[in-house]
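Each value in this text was obtained by applying a stated rule to the coordinates, not by laboratory testing. Remember, it's a predicted structure, so these values are computed and weren't measured experimentally. Cβ: placed from backbone, ideal geometry, glycine included. Neighbour counts: every protein chain shown.
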Amino acid sequence: MRDVAIIGVGMNKWGELWKSSLRDLAVEAGLKAMADAKADHIDSIVVGCMSSGLFTAQEHIAPLVAEYLGQGKVPATRVESACASGGLAFRAGFAEVASGLSDVVLVVGVEKMTDVSGDEATFTLGTAADQEYESYNGATFPGLYAMMANRHMHEFKTTRRQLSWVAVKNHANGMKNPNAQYRSEVTAEEVESAVKVADPLRLLDCSPITDGAAAVLLCPLDTARKKAKGHGLVKVLGIGQATDTMALHSRRSLCELAAVSEAGARAYKAAGKGPSDMNCAEVHDCFTIAEIMAAEALGFAAKGKGGRLAESGASSLGGKIPINTSGGLKSKGHPVGATGVAQIVELTEQLRGEAGPRQVKRARTGLAQNMGGTGASCVVSILGAA
Amino acid sequence: MKTVGIIGWGADIPRNRVKVEEIAKVWGADAESYKKGLMLEEKSVPSPDQDTITMSVQASRRALVRAGVDGADIGAVYVGSESHPYAVKPSGTAVAEALGATPECHTADFEFACKAGTEGMFVASQLVVSGAVRYALGVGADTSQGAPSDALEYSAAAGAAAFLFGSDKTRIVAELLQTYAFMTDTPDFWRREHMHYPKHGGRFTGEPAYFKHITGAARGIMEKAGAKPSDFRYVVFHQPNGKFPMRAGKMLGFEREQILTGWLVNRLGNTYSGASPLGLTAVLDVAKAGDKILVVSFGSGAGSDGFIFKATSRVAKVQGLAAKTRDMLDDNKRYLDYGTYVKFRGKIRMNEE
């Protein structure tokens with residue numbers, strides 16, 4: 001396997017982008033990544049997108065993106081794994097380069113979510129749960145994650161306030177990210193008095209509905225070393241992927257993300273690193289409880305201590321392991337297919353030392369964790385400054 | 001140029017109310033989120049015998065009393081609504097007939113979502129400016145529609161406001177200083193033929209629709225008139241909920257005190273075509289000579305009409321001649337339970353034999 005480098009990144013300002021279509025979003029991010037790398041050609045495109053069909057009635061989007069990027073003839077593939085679509089598109093792009101199948105691969109994550117009503121968006125996102133056993137019976141993701149939160153609070157005495165600290169921290173980080181959807185500070189009191197969505201989760205515990213795209217350009221590390229222009233080099237140290245049961249009720253524990261632990265273990269092994277080697281991490285905080293549980297599964301906190309990690313400030317900028325310096329899904333936004341790619345964009349900027357006011361000092365190694373559903377699919381990528 | 005203005009105004013608000021909590025209880029919704037988030041407490045509900053035509057007649061009669069004008073002298077009657085009782089057959093003919101304005105009278109019904117009322121006022125006022133008619137009546141009225149359990153059900157209310165325009169200097173209560181219209185094709189809210197309830201684009205109804213057009217029209221008319229927010233004693237915006245007009249005011253640099261007098265929505269609900277016109281009636285009820293008033297409507301689809309009025313010394317003399325809007329809002333209220341409310345609104349399917 002060849003070593004793989006990230007030579008270009010790009011994303012747009014995320015939000016309710018009434019004036020941008022699915023293709024506009026994907027093309028803007030893709031062109032930015034190509035411009036960032038000063039690339040004059042690409043050999044292959046991988047597009048991560050969860051549900052362009054239900055959100056915008058457009059399937060078959062890989063050739064659409066290729067055509068509108070002006071790359072009409074190159075192989076173009078779409079990858080889908082619910083909210084992990086972006087992370088898995090990155091893994092597929094990595095595999096193409098590492099295996100020698102392609103040299104220069106553009107990975108684009110995109111989702112256009114605001115062309116449908118809130119109810120339709122909830123339905124569409126719900127297709128990532130087990131339709132027959134969960135969705136048909138009325139479960140939605142806020143409801144499923146609320147059950148996980150309640151169980152976590154019951155078993156580990158995690159507090160309502162600890163959930164709030166995750167949102168407070170991520171909004172504080174998002175304030176420093178010009179691409180974030182919600183660049184506003186929130187207080188723990190505001191989180192706790194926000195509209196209740198599914199007890200104990202309130203509106204400010206939940207990631208929003210977002211339009212957005214992100215893109216990264218990959219090539220063999222050797223080529224990158226020869227052609228590196230301007231930026232510090234970032235290398236993919238290891239990627240791990242794992243699977244858990246589709247339905248939450250089939251799991252041994254409601255407050256354990258087994259696929260995250262497994263994907264993390266595989267990524268750490270591939271990279272030859274451990275949790276304490278990480279200088280920063282982007283984790284999948286679709287709900288505040290998800291960040292707490294992911295931090296535990298990835299070894300940043302002992303089991304049951306994820307709430308304290310956020311409360312103690314250890315996961316804040318300047319803390320021991322800054323988590324979601326980008327603002328996370330909570331503040332940056334969660335265009336589901338784009339999220340996993342945007343995590344790679346954030347890590348790359350951190351490892352290049354280009355993250356501006358949210359820069360983690362001496363960041364050499366970082367981790368991105370992206371998952372689908374309640375964690376049925378998970379991919380963990382570890383990047384390092386080369 | 002001759003002076004044209006409002007010579008009489010009148011309002012009508014049904015006495016029935018339903019509280020936000022009563023609706024939320026039925027649908028398992030969080031009443032607090034509507035009360036806090038949208039600043040809504042209760043809304044008016046028409047009785048079974050009240051509709052856009054009857055409310056328009058009532059409001060217009062009050063306008064005629066204040067104006068001291070005989071119905072036969074009205075040269076044009078325009079009723080703006082999105083709940084005209086008939087799909088084919090005008091509301092305006094029935095209103096004009098009831099006022100005694102027929103047969104020598106021009107009439108038309110207007111439709112432009114929630115700004116149909118100010119469209120009627122716009123055209124009525126300009127016919128007087130042109131000299132085509134001596135007096136012209138513009139009415140905004142609605143028995144607003146919102147699908148059960150939809151967010152709109154918490155606000156869709158009923159009410160009417162009527163304004164008689166003329167150019168007799170002795171009768172003018174509020175001189176019309178400026179008009180302005182701002183509109184684009186923006187599909188934020190619509191109802192197709194045979195659909196029972198309107199549909200809306202959720203959050204799309206905010207930034208690109210309401211706020212863009214309200215602020216566009218407000219800035220446009222102030223620029224045209226060489227005016228700034230502090231020149232106005234009162235400002236009235238279309239009020240689909242409590243929050244939107246307050247936020248629009250803040251965006252434009254108006255103080256809360258300038259908005260509050262014409263801000264009825266928290267206890268009236270959204271009377272659609274009647275909303276900003278009713279706000280203007282509440283302002284005229286208390287205005288003093290020299291007060292400048294800015295009115296900016298909004299209708300989905302989408303557009304805003306702007307008007308600048310200046311109250312004359314006559315306004316205080318006629319305020320007490322007919323029922324005042326705040327009194328109709330505060331007094332003689334009757335609270336309905338959800339069942340009675342849906343019966344009154346014709347939402348229960350009856351045996352058709």
Could you give the size of the charge dipole of chain A about its Cα centre, using +1 on the Cβ of each K and R and -1 on the Cβ of each D and E, expressed in debye and rounded to the nearest 20? 1480 debye
Taking Rh as the Kirkwood radius computed over C-alpha pairs, what is the Stokes-Einstein D of the range B:175-315 at 4 °C in a medium of viscosity 1.567 mPa s, expressed in µm² per second? 85 µm²/s
Sparsely packed trypsin sites (Lys or Arg not before Pro) within the range A:122-199, loop by DSSP, other Cβ within 10 Å at most 12: A:Lys157
When the Debye formula is applied to the Cα atoms of chain A, each taken as the same point scatterer, what base-10 log of I(q)/I(0) results at q = 0.07, 0.10 Å⁻¹? -0.26, -0.55
Of the DSSP H helices in chain B, those whose Cα atoms cover at least 18 Å axially and whose Kyte score averages 0.5 or more: B:116-130
Once you put a point 7 Å from the Cα of B:Asp231 and another 7 Å from the Cα of A:Glu120, both along the Cβ direction, what distance in nm separates them? 4.4 nm
So if R0 is 45 Å, what FRET efficiency would B:Asp70 and A:Asp199 give, r being the distance between their Cβ atoms, rounded to the nearest 0.05? 0.10
Determine, at each q value in 0.06 (inverse angstroms), the log₁₀ of I(q)/I(0) that the Debye formula gives when each Cα of the protein assembly as shown is one equal point scatterer. -0.45
Once the convex hull of the alpha carbons of chain B is built, what does its volume come to per residue, in cubic angstrom? 127 Å³
Signed unit charges on C-beta, dipole axis of the range B:140-266, positive-most listed residue B:Leu176, B:Pro187, B:Ser230: B:Ser230
Over the range A:229-386, what is the relative contact order in whole percent, taking alpha-carbon pairs under 8 Å and six or more residues apart? 37 percent
Contact order normalised by length for chain A, with contacts defined as Cα pairs under 8 Å and 6 or more residues apart; what percent is it? 26 percent
Scattering profile of the range A:261-360 from the Debye formula, Cα beads only, expressed as log10 I(q)/I(0) at q = 0.15, 0.16, 0.19 Å⁻¹, is -0.58, -0.67, -0.97
Leading residue at positive end of dipole, chain A (Cβ point charges), from A:Leu25, A:Ala355, A:Ala290: A:Ala355
FRET efficiency for B:Asp150 and B:Asn351, Cβ-Cβ distance as r, R0 = 22 Å, nearest 0.05? 0.25
Testing the spin-label approximation: label points 7 Å from Cα along Cα→Cβ at A:Glu354 and A:Thr243. State their distance in nm. 3.7 nm
Using helices alone, what [θ] at 222 nm do you get for chain B, with -39,500 (n - 2.57) per DSSP H run of 4 or more residues, divided over all residues and rounded to the nearest 500? -9000 deg cm²/dmol
How many nm is it between the label spots at B:Glu207 and A:Arg362, if each spot is 7 Å from the Cα in line with the beta carbon? 4.1 nm
Report for the protein assembly as shown the percent antiparallel among DSSP-assigned beta bridges with both residues inside it, nearest 5. 70 percent
Which lysines have a Cα less than 24 Å from the Cα of B:Lys343, not counting those fewer than 8 places away in the same chain? B:Lys19, B:Lys25, B:Lys43, B:Lys199, B:Lys333
Please give the charge dipole size of the protein assembly as shown, origin at the Cα centre, charges +1 on K and R Cβ atoms and -1 on D and E Cβ atoms. Round to the nearest 20 debye. 2120 debye
Just flag the GluC sites (Glu not before Pro) in the range B:75-151 sitting in loop per DSSP whose Cβ has no more than 11 other Cβ atoms within 10 Å. B:Glu104
All lysines inside 22 Å of A:Lys361 as judged from Cα atoms, apart from same-chain residues fewer than 8 positions distant: A:Lys169, A:Lys176, A:Lys235, A:Lys273, A:Lys320, A:Lys332
Rg/Rg_globular for the range A:28-160, with Rg_globular taken as 2.2 N^0.38 Å and Rg from C-alpha atoms: 1.31
Where a ≥ b ≥ c are root eigenvalues of the Cα gyration tensor, a/c under 1.5 meaning rounded, otherwise prolate if a/b exceeds b/c and oblate otherwise, the range A:64-121 counts as oblate
Cα convex hull volume per residue for the range B:285-335 (Å³): 104 Å³
To the nearest 10 degrees, the tilt of helix A:22-37 (Cα long axis) against the first principal axis of the alpha carbons of chain A is 60 degrees
The range B:20-59: percent of C-alpha pairs farther apart than 16 Å? 50 percent
Rounded to the nearest 20 Debye, what is the dipole magnitude of the range B:175-315 about its Cα centre when Lys and Arg each give +1 and Asp and Glu each give -1 at the C-beta? 240 debye
